[in-house]
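These notes are about the structure you will find just below.
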Amino acid sequence: MIKRSLLLSLLLVAGGLHAQDQAPDLAKAKQTAETLCVGCHGADGNSPVPVNPNLAGQHADYLFKQLKDFKGWNGKPAVRENPIMGGMVAALEEADMKALAMHFSSQTLQPDSSKNADLAKLGQNIWRAGLPAKGVPACAGCHGPAGAGLPAQFPRIGGQHADYTEAQLKAFRDGVRKNDPAQMMQTIALKMTDPEMKAVADYAAGLR
């Protein structure tokens, strides 16, 4: 009985040590954000440049997936091709990416805003009802009424820079970006015009 209790205690201690080994190194992630990421995304994930995405407040699962997609694994090419981000993640391991995703997710978003009332009105219609005649579903169906998104699969878009959102829609349409679940965004973007993309991006920037 004593031996059994001792063995159980040793297993619990070993398990605790293993859990500590796997704990995300948030201090290291903060340092990485302040040195590697700061130029494009800001140390706290609020990008000073509208063509680069805000990362603050984004879902950690989604950020982790994107970081992994930018890096080629086991001899396979990157799922999401981007020469700048490919270089940035080259030296990062999965644990680094996971900690970095958690760091940015925990930061407070300084949201963008809608800048054109006419565009925002069209964007609101598409966001809420889609474009039925074209078979484009409502954006709110996946990203939520307020653009909060769904972890891992659908990003938080509310408050995102309109320039970045518009650029991603065009990238999906043009086949430059292809890491969306079941090619959903590629299919949707193919049916949208440039003005419709701009309108949705402008409206989403003002969502809270």
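The values are calculated or read from the model by the stated rules, or taken from the named source; none is laboratory data. Fair warning: this is a prediction, and the values are worked out from it, not measured in the lab. Note that each Cβ is placed from the backbone with ideal geometry, even for glycine, and that neighbours are counted across all protein chains shown. Areas reflect the complete protein model, heavy atoms only, side chains present, ligands, DNA and RNA absent. Shrake-Rupley method; radii C 1.70, N 1.55, O 1.52, S 1.80 Å.
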- Message: What is the ratio of the Cα radius of gyration of region 60-126 to 2.2 N^0.38 Å, with N the residue count, to two decimals?
- Response: 1.52
- Looking only at lysines whose Cα falls under 17 Å of LYS115's and that sit 8 or more positions away or on another chain, we get LYS198
- Message: Relative contact order for the chain: what percent, with Cα pairs under 8 Å and sequence separation of 6 or more?
- Response: 22 percent
- Distance from region 32-59 to region 169-208 (C-alpha centre basis), Å: 21 Å
- Pairs beyond 20 Å (Cα-Cα), from LYS98/LYS170; LYS28/LYS76; LYS68/LYS98: LYS98/LYS170; LYS28/LYS76
- Return the single residue from ALA120, ALA91, ALA138 with maximal mean-square fluctuation; model: Gaussian network over the chain, springs between Cα atoms under 10 Å. ALA91
- Kirkwood Rh over Cα pairs of the chain into Stokes-Einstein at 10 °C, 1.306 mPa s: D in µm²/s? 86 µm²/s
- Query: What is the calculated FRET efficiency for THR193 to THR108, with r their C-beta to C-beta distance and R₀ = 35 Å, to the nearest 0.05?
  - Reply: 0.50
- Could you please put THR108, THR193, THR165 in sequence from largest to smallest accessible area, using a 1.4 Å probe? THR108, THR193, THR165
- Which shape class applies to region 93-191: rounded if a/c is under 1.5, otherwise prolate when a/b exceeds b/c and oblate if not, where a ≥ b ≥ c are the square roots of the Cα gyration tensor eigenvalues? oblate
- Item | In region 93-202, the GluC sites (Glu not before Pro) that fall in loop regions by DSSP, at most 15 other Cβ within 10 Å | GLU93
